[in-house]
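Peer 1: Below is the structure I would like to discuss, written out as C-alpha cells.
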Amino acid sequence: MGFTLSTCELLDPVIVALDGELDLNSKDPVTACVDHLVASGRTAIRVDVSRLTFCDSGGLAVLIRAKRQCEAAGGSFGIFGAVGAVANLLRITGLDAALRLEV
C-alpha cells in the first residue's frame, strides 16, 4: 500500500490527512508539509490519522517532530481519528497523550 497526504488550509487549525502507511519511506512528505505550514505562519495543525493502516517508528518520529515544531513556533498540534493498529501503537507507546490524541 502507498501513502498520500492532503491538507485543508482553509480551516484553523489546518487539517493534514494521512492515508496509507506512514513509515521511514513515507515520512518526508509529512515533514515537508509541516515545514511549509509553519514557515507560512500556520502553526495550529491537526493530523487526521483515521486512514492510516500502518505506522512505524519513523512515522512516530515525524509526528513528534511536527508537534515540537508547532509548539516551538507558539502553535499547537494534535492528532485525531486513530483506529486499529495505529490506535494500539499510540496507546502502547504513550504517544496518544503526548501527541494529544483527540476523539
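Peer 1: For the chain, what are the per-bin percents of Cα-Cα distances with bins 5 Å wide, up to the bin holding the maximum?
Peer 2: Histogramming the chain at 5 Å steps yields 3, 14, 28, 28, 19, 8, 1, 0 percent.
Peer 1: Per the helix-only calculation at 222 nm, which mean residue ellipticity applies to the chain, given -39500 (n - 2.57) for every DSSP H run of n ≥ 4 and division by its residues, nearest 500 deg cm²/dmol?
Peer 2: Helix-only estimate at 222 nm: -12500 deg cm²/dmol.
Peer 1: Given the options SER40, SER50, SER76, which has the most mean-square fluctuation in a GNM of the chain, springs set between C-alpha atoms less than 10 angstrom apart?
Peer 2: SER40
Peer 1: Set the Förster radius R0 to 25 Å, insert the Cβ-Cβ distance between ASP56 and ALA97 as r into 1/(1 + (r/R0)^6), and round the FRET efficiency to 0.05.
Peer 2: Between ASP56 and ALA97 the formula returns 0.80.
Peer 1: For THR53, what charge total do you get from the other residues with a beta carbon under 15 Å from its beta carbon, if Lys and Arg give +1 and Asp and Glu give -1?
Peer 2: Result for the neighbourhood of THR53: -4.
Peer 1: Here's a follow-up. Would you mind checking the tilt of helix 27-39 against the longest principal axis of the Cα atoms of the chain, expressed as 0 to 90 degrees and rounded to 10?
Peer 2: Its long axis makes an angle of about 20 degrees.
Peer 1: Report the residue, chosen from CYS55, CYS33, CYS70, that carries the largest GNM mean-square fluctuation when the chain is represented by alpha-carbon nodes joined by springs under 10 Å.
Peer 2: Maximum fluctuation in the GNM of the chain, among the listed residues, is at CYS33.
Peer 1: If you take the C-alpha gyration tensor of the stretch 23-67, multiply each eigenvalue by 5 and take the square root, what semi-axes do you get, largest first, in whole Å?
Peer 2: Each semi-axis is the square root of five times an eigenvalue, giving 19, 11, 8 Å.
Peer 1: With a cut-off of 8 Å between alpha carbons and a minimum separation of six or more residues, what is the relative contact order of the chain in percent?
Peer 2: Contact order relative to length: 26 percent.
Peer 1: On to the next question. Convert each backbone phi in the stretch 90-100 into a coupling constant with the Karplus relation 6.51 cos²θ - 1.76 cosθ + 1.60 (shift: θ = phi - 60°), then list the ³J(HN,Hα) values in order as whole Hz, x for Gly and Pro.
Peer 2: Once rounded to whole Hz, the list reads 5, 5, 4, 7, x, 7, 4, 7, 4, 8, 6.
Every read-out reported here was derived from the displayed coordinates using simple, explicitly stated rules and does not represent laboratory data. What you are looking at is a predicted structure, and each value in this text was computed from that prediction instead of being measured. Heads up, the Cβs are rebuilt from the backbone with ideal geometry, glycines too, and the neighbour counts pull from every protein chain shown.
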